[in-house]
Structures are given as structure tokens and as C-alpha cells.
Amino acid sequence: MAITIELRKKSPPPGVDLGSGWMKVVALGLRRRKPVLSRIGRIPLAVGDMDKGEKAADRLAELWRHLGIREKGVISAMTGHAVIVKKVNVAFEAATNMESFLVKEAKQYIPFDLQDVYIDHQNLGPGVKEGTVDVLLVASKKREVEERLSILTRAGLEVRVMDVDAFALNNCFEFNYPELIDRPQYILDIGGQLSVFCVVWNKQLVFHRELSFGGLQLTDRLAKLLNRSRAECEKMKINGPGDLPSTERAVVVDELEDAVVSWAGEVRRLIGFYLGSVPEAKPAETLYLSGGGSLLAGLPGRLGRELELDVRYLDPWRKLEPDPTQFDAAYLRAVGPQYAVAAGLALREAVP
């Protein structure tokens, strides 16, 4: 009689989102070859912690111990102006030997000294012109990549892949909203200091840009005007002004409204740029919000009125199966948007 021993399958690498205000981790397991939610966690950073690699590494190691994750291999991401993503159209012959092509032609696409960057590429398929191929080029400054790698390795982790946050958002959306991938959708991920606007369509990131606004700027503004702690102002942003004196309440309401109007103007500008620059571009009807900075009192309704769009939160757990004995459903709903990038990173190797 033959005896079969089934070894436990290794879990996919967790996703680690190194934000400016919070570090977030999402770990997935596999059940019947489908990804399931295993662990989530976040830990706040003080101002400047990301610039002090040792401090950020200590905080991440603390979070890892608290979550009890055995897996040390992780997937993380780059963000901000240190990353350049360009879709280019090249001849079929050039696409078959991209390394040689990049040596000769990359300078016209990458506005950095090529000695100072890491470059990668992915073939997207046939281009519009016959005999051509669309290729996605990604370049990131070596210094910024190595700074992030240092934080992760100092925390005792091994980086399997260094992705880009916009691609992670695309992964998260594609997995959780498969019925919508044949129509363009807008995503706005509002971070602490920077935000990312994306257009996803037909399983591709067709447009994305960074924006120089974030939730921490609003927190600092409120703290200065009200002479209150950043922690108090963070709660006001999320829960509203509550029982503040009328004068302070008016300040909070006005600042929140000004922020929404300003953010909407930036998003409106990028939507116009997308429609005018991407071939065969079509407008989306819905904008999905993610990121910790999006957890602003009444933001979906306010932003929807400004942009004349249906605005709702992106749910990174929509198609994942969380264990009801391990996770509180109300908590997952409340914090979900903050974990969109980390979830997208974790899904990278969890989905065939």
C-alpha cells in the first residue's frame, strides 16, 4: 500500500507597504488554491522615521513579531517621483532583445542618468502599428530603492520583489472587481504626503500620476490652526469636528472643505490629461478611494459632488475570505482602504 504525505504548501510572500505615516502588512494563505486573508497589521511612524532607516526598521520588526508571521520573504513597492513608468511602442525585432534596445535608446525615455537607476520592462502585446510591440518601461533611482531595501533587511526580512505602488493598486482592483475590468475605472490612493491617481482598464494600468497632496498635510494644518496635537487632529479628520467649540468647529469644516475642493481640482486636471493623451481613452463613471488619507469624514460624497462621479471606497477584502473567528468584519471595513497597496502586493504571487 502506498502512503502519500501531503506537505503544507508555503504561503505567498506578505505585502509590505512602507508609507510615510504608517507601515502596513497583509499576509495571505491559500485554501483550495484560492487566497484567503491570514494576517493584517499596521504601525504608525513618527515624522521623519522613514528618513531614519534604523528607526523604521525597528518599528517594522516590532510589527512582524506582533503579527507572528513566520514567512520572511516579502514583496514591497516604490512610490513617488523616484519611479518613472512609460509605455513605449517598439519594433518587434527590438522587443525580442530589449536589453540591447535599452542600452541604446533608454535615454530618450528615462530622464535620469542611466548609471543611477534600475530599469525593468514588460511586453504588453502587439501595438497598434503592424510589426510593433507595446512595452512598459519602469525605472527607479538606485538610491531610493536601496534605502527601502535597507529598512526591510534591517527588520530581518528578505525582499523577493520590489514593485510599484500603482501596479499593486491595479492588482488589488483586478482581483476584487473582476466584473468591472472591461470598463475604465479611476483609483485615487491618498497617502500621508503623496497620492496616486490611476486609470485601470482591461487588466492594465493605462494611466497613472503622482500628486503632491496627502492626509498629513491637512493634519499639520489643523494642528497649527487649532494649537492641538497631531493625534487629536487626525481623529477630527476621520470622525468630524464632534463637540468642538463653534469657532474651532468652523475651522475644521472650512479646512476639510478647502482640501476636498483642492484635491478635486487636481484629479479633474489629471482626468482631462488622461482623456487627451491616451489613445482611445474613455471616461470612467466611478472613482475608487484608497489610502489612509482617504479616511476623511464624508470624503466620498464631497468628492463625488465636486467631480460629478460616483465615488466609493475600494474594498481590498471583497473577494478574499477572512476567517470570521480571526477578524472583526466592522474593523476590516473601517481600515480596508488603508491596506489596498499592501493587499495588491500580497496578491502578486498568490493569484495564478
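The values are calculated or read from the model by the stated rules, or taken from the named source; none is laboratory data. As the structure is a prediction and not an experimental result, all values here were calculated from the model. Cβ placement follows ideal geometry from the backbone for every residue including glycine, while neighbour counts extend to all protein chains displayed.
The selection criterion, being farther than 26 Å from V341 by Cα and in contact with a Leu (Cβ under 8 Å, 6 or more places away or on another chain), does not hold for V311.
Restrict the check to segment 239-248 and report whether at least one residue is within 22 Å of P184 (Cα to Cα) and out of contact with any Phe, Trp or Tyr (no Cβ under 7 Å at 6 or more places or on another chain). No, segment 239-248 contains no residue that is within 22 Å of P184 (Cα to Cα) and out of contact with any Phe, Trp or Tyr (no Cβ under 7 Å at 6 or more places or on another chain).
Being β-branched (V, I, T) and part of a helix (DSSP H, G or I) is the filter here, so list the residues in segment 253-304 that pass it. First the steps, then the outcome.
Within segment 253-304, the first condition is being β-branched (V, I, T), and the residues that meet it are 253, 260-261, 267, 271, 278, 286.
Passing the criteria: V253, V260, V261, V267, I271.
Go through segment 237-256 and report how many residues are closer than 22 Å to L194 by Cβ and touching a residue at least 40 places away in the same chain (Cβ under 8 Å). Write out each step before concluding.
Narrowing segment 237-256 to residues closer than 22 Å to L194 by Cβ: 237-238, 255-256.
From the residues that got through so far, the ones that are touching a residue at least 40 places away in the same chain (Cβ under 8 Å) too are 237-238, 256.
Of the residues in that region, 3 qualify.
The residues of segment 46-103 that are at positive phi and at pLDDT 80 or above amount to a single one, G68.
The residue of segment 177-199 that is surrounded by the fewest Cβ atoms within 10 Å (Cβ to Cβ), among those that are assigned to a loop (DSSP other than H, G, I, E, B) and not aromatic (F, W, Y), is D182. Please tell me if V47 is among the β-branched types (V, I, T) and either in contact with a Leu (Cβ under 9 Å, 6 or more places away or on another chain) or surrounded by fewer than 16 Cβ atoms within 10 Å (Cβ to Cβ) (or both). In short, yes. Would you please name the residue that is surrounded by the most Cβ atoms within 10 Å (Cβ to Cβ), looking only at residues in segment 7-44 that are in contact (Cβ under 8 Å) with a residue 60 or more places away in the chain and β-branched (V, I, T)? Looking at residues that are in contact (Cβ under 8 Å) with a residue 60 or more places away in the chain and β-branched (V, I, T), I get V26.
Conditions (1) farther than 19 Å from L307 by Cβ; (2) at pLDDT 95 or above, marked per residue:
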site: F175; (1), (2): yes, yes
site: F213; (1), (2): no, no
site: Q217; (1), (2): yes, no
site: L222; (1), (2): yes, no
site: R228; (1), (2): yes, no
site: A231; (1), (2): yes, no
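Test E210 against the stated conditions and say whether it is in contact (Cβ under 8 Å) with a residue 40 or more places away in the chain and either in a helix (DSSP H, G or I) or in the same structural domain as G291 (by TED's automatic domain parsing) (or both). Break it down stepwise before answering.
On the way: in contact (Cβ under 8 Å) with a residue 40 or more places away in the chain: yes; either in a helix (DSSP H, G or I) or in the same structural domain as G291 (by TED's automatic domain parsing) (or both): yes.
So E210 passes the test.
Regarding segment 97-105, can at least one residue be identified that is hydroxyl-bearing (S, T, Y) and either within 27 Å of E210 (Cβ to Cβ) or in a strand (DSSP E or B) (or both)? No, every residue in segment 97-105 fails to be hydroxyl-bearing (S, T, Y) and either within 27 Å of E210 (Cβ to Cβ) or in a strand (DSSP E or B) (or both). Within the option set R148, R209, R183, being out of contact with any helix residue (DSSP H, G or I) (no Cβ under 7 Å at 6 or more places or on another chain) and within 22 Å of A284 (Cβ to Cβ) holds for one residue only, R183.
Would you tally the residues in segment 307-335 being surrounded by 19 or more Cβ atoms within 10 Å (Cβ to Cβ), over 19 Å from W22 (Cβ atoms) and touching a residue at least 60 places away in the same chain (Cβ under 8 Å)? Here the count works out to 2. Residues that are assigned to a helix (DSSP H, G or I) and touching a Ser or Thr at 6+ places or on another chain (Cβ under 6 Å) occur at least once in segment 234-245.
All of G344, G304 fail the test of being surrounded by 13 or more Cβ atoms within 10 Å (Cβ to Cβ), without any contact (Cβ under 8 Å) to a residue 40 or more places away in the chain and either within 24 Å of D165 (Cα to Cα) or not aliphatic (A, V, I, L, M) (or both), apart from G304.
For segment 124-176, filtering for residues that are assigned to a strand (DSSP E or B), touching a residue at least 60 places away in the same chain (Cβ under 8 Å) and more than 23 Å from E210 (Cα to Cα) leaves 3.
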